[in-house]
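Reading through the C-alpha cells given below for one structure.
The values are calculated or read from the model by the stated rules, or taken from the named source; none is laboratory data. Here the structure is a predicted model, which means the values were calculated and not measured. Here the Cβ is made from the backbone with ideal geometry for all residues, glycine too, and neighbour counts use every protein chain on show. Keep in mind that these areas ignore ligands, DNA and RNA; they rest on the heavy atoms of the full protein, side chains included. Shrake-Rupley method; radii C 1.70, N 1.55, O 1.52, S 1.80 Å.
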Amino acid sequence: MDDTARQAHYWNTAGATKTFTHPLHGEWLAGLSHDSRILDYGCGYGRVTAELSDLGFTRVRGVDPSPALIARGRASRPDLDFAVVESPPAVDRPAAGIDVVVLFAVLTCVPDDQAQRALVAELRRVLAPDGLIYVSDLLLQSDRRNQRRYAAHAERGGGPYGVFETDDGAVCRHHDIAWLRSLFADFEPVDERRIDVATMNGRPARGVQMLARRR
Ligand SMILES: C[S@@+](CC[C@H](N)C(=O)[O-])C[C@H]1O[C@@H](n2cnc3c(N)ncnc32)[C@H](O)[C@@H]1O
C-alpha cells in the first residue's frame, strides 16, 4: 500500500471510530445569511455540519473522502446533505459556488506541503469572491512526547517538522503558525484565535482557528 492508500485505509477503519472536538466559534458566523452556501470539507461524521444546520443554516453540505465516516454521518443525521469526495482534493462544485468553507482538523491529516497547497487552491477555486474560509487546526506542541515523535518521523525522512505517526497508524501533522499563515496568503485575514482541544485520541493539544476572506 502506498502512503495515500494507507491514509485512506486509516480513515475508513480506526479513524472512522474516533470523536472529533474542535469547537465552532459561532460569533464568527453570526453576521452570515442563513441561506449562505456552506461546504464542510473533510466533515468526518458530520459533527460540524450538524451544528451549522442546528444554528439555522439551510444550505450546508458535508463532504469527506472516507465512505465509512460519511455513512456514520448519514446514519446519525439522515436529514443532512453529505457526499463522498471521490478524488481529493477535487470538490464536485463549480468555481465560485460556495460562500463559506469550513476546514476543521483536516490539514492535520494532510502531512505534505504540496498536498496542503493543492487542497487550499481547490477550496479557493470553489469560494465566491469575498467568501470566507474558517480553518481549525493543530499547532506544534511543546511537550516531550510530541517533540520525540516529530524528531523520530523527521529522522526517517518523513517530511516537514511536525509530522508524526500515531500509535494506531495515522500520519498526522502539527503546524508552525507561520506555515499556516503562509498557506492562506492569498486570502485576507479576518480573525485568529487560539483553542485548547482534545485530539482524536483524547489528549490535550493547542490549536488555532483562522477566519479569512477570499480576495
Ligand atoms: C480529525 S477528522 C475531522 C472531521 C471533522 N472536520 C470534524 O472536525 O469533526 C479529519 C477528517 O479529514 C478527512 N481527511 C483525511 N484526509 C483527507 C484529505 N486528503 N482530504 C480531505 N479530507 C481528508 C478524514 O476522513 C476525516 O474525516
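Sub-8 Å Cβ pairs linking a first residue in segment 52-74 that is at positive phi to a second residue that is in a loop (DSSP other than H, G, I, E, B) and surrounded by fewer than 22 Cβ atoms within 10 Å (Cβ to Cβ), at least 6 apart or interchain, are GLY56/HIS34, ordered by first then second residue.
Just one residue in the set VAL208, VAL163, VAL171, VAL190 is in contact with a Lys or Arg (Cβ under 7 Å, 6 or more places away or on another chain) and open to solvent by 20 Å² or more (accessible area, probe 1.4 Å); that residue is VAL190.
A search for C-beta distances below 6 Å between a residue of segment 1-16 that is touching a residue at least 60 places away in the same chain (Cβ under 8 Å) and in a helix (DSSP H, G or I) and any residue that is of a type in the set (S, T, N, Q) and near the ligand (Cβ under 8 Å from one of its atoms), counting only pairs 6+ apart in sequence or on different chains, returns TRP11/SER66. Can you name the residue in segment 17-38 that is within 16 Å of the ligand (Cβ to nearest atom) and assigned to a helix (DSSP H, G or I) and, of all such residues, is surrounded by the most Cβ atoms within 10 Å (Cβ to Cβ)? My answer is LEU29. Take the conditions (1) touching a Phe, Trp or Tyr at 6+ places or on another chain (Cβ under 6 Å); (2) within 11 Å of the ligand (Cβ to nearest atom); (3) not small (Gly, Ala, Ser); TRP11 misses just one of them, which is (1).
Scanning segment 97-120 for residues that are among the hydrophobic types (A, V, I, L, M, F, W, C) and more than 13 Å from the ligand (Cβ to nearest atom) returns ILE98, VAL100. Suppose the filter is part of a strand (DSSP E or B) and closer than 26 Å to VAL171 by Cβ; does ASP130 pass it? Criteria not met by ASP130. Here ARG145 fulfils each of the conditions (1) open to solvent by 50 Å² or more (accessible area, probe 1.4 Å); (2) in contact with a strand residue (DSSP E or B) (Cβ under 8 Å, 6 or more places away or on another chain) apart from (2). In the condition set (1) closer than 28 Å to ARG173 by Cβ; (2) in contact with a strand residue (DSSP E or B) (Cβ under 8 Å, 6 or more places away or on another chain), SER36 is compliant with all but (1).
Scanning segment 39-58 for residues that are near the ligand (Cβ under 8 Å from one of its atoms), out of contact with any Lys or Arg (no Cβ under 6 Å at 6 or more places or on another chain) and open to solvent by 30 Å² or more (accessible area, probe 1.4 Å) turns up just one, ARG47. On the stretch given as segment 75-96, residues that are in a helix (DSSP H, G or I) and touching a residue at least 12 places away in the same chain (Cβ under 8 Å) total 1.
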